[in-house]
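First up is the structure itself, then whatever we jot down about it.
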Amino acid sequence: MGLADGLSRIVAFLRAGYPTGMPATGYVPLLALLPRRVSDDEITVITRELTVRKHWPTDTADVGVEITRITDGMPSLEDIERVQHRLAANEQSPTP
């Protein structure tokens with residue numbers, strides 16, 4: 001096994017875990033500096049929890065507390081707005 005083969009295996013291993021939607025080249029270490037964003041799956045869990053509790057109206061404090069409970073981190077205003085948008089969409093959609 002030559003140096004090039006070993007290096008190719010390492011690069012392939014690193015790229016297998018590379019986040020989708022990110023450029024293939026660039027300043028990868030800067031990704032560590034980006035703030036954490038609540039994932040779509042986490043938003044689904046958060047909205048489900050808030051909906052199950054039937055605590056209406058749900059305000060920003062309720063959403064922020066639920067985000068903190070799920071992620072163990074401080075919620076950003078963007079994440080709170082995303083959850084509220086999903087809650088509003090769920091209220092408007094017809095229930096079967």
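In the range 1-55, how many are touching a Ser or Thr at 6+ places or on another chain (Cβ under 7 Å), in a loop (DSSP other than H, G, I, E, B) and at pLDDT 80 or above?
1
In the range 67-81, how many residues are surrounded by 12 or more Cβ atoms within 10 Å (Cβ to Cβ) and in contact with a Lys or Arg (Cβ under 9 Å, 6 or more places away or on another chain)?
4
The values are calculated or read from the model by the stated rules, or taken from the named source; none is laboratory data. What you are looking at is a predicted structure, and each value in this text was computed from that prediction instead of being measured. Here the Cβ is made from the backbone with ideal geometry for all residues, glycine too, and neighbour counts use every protein chain on show.
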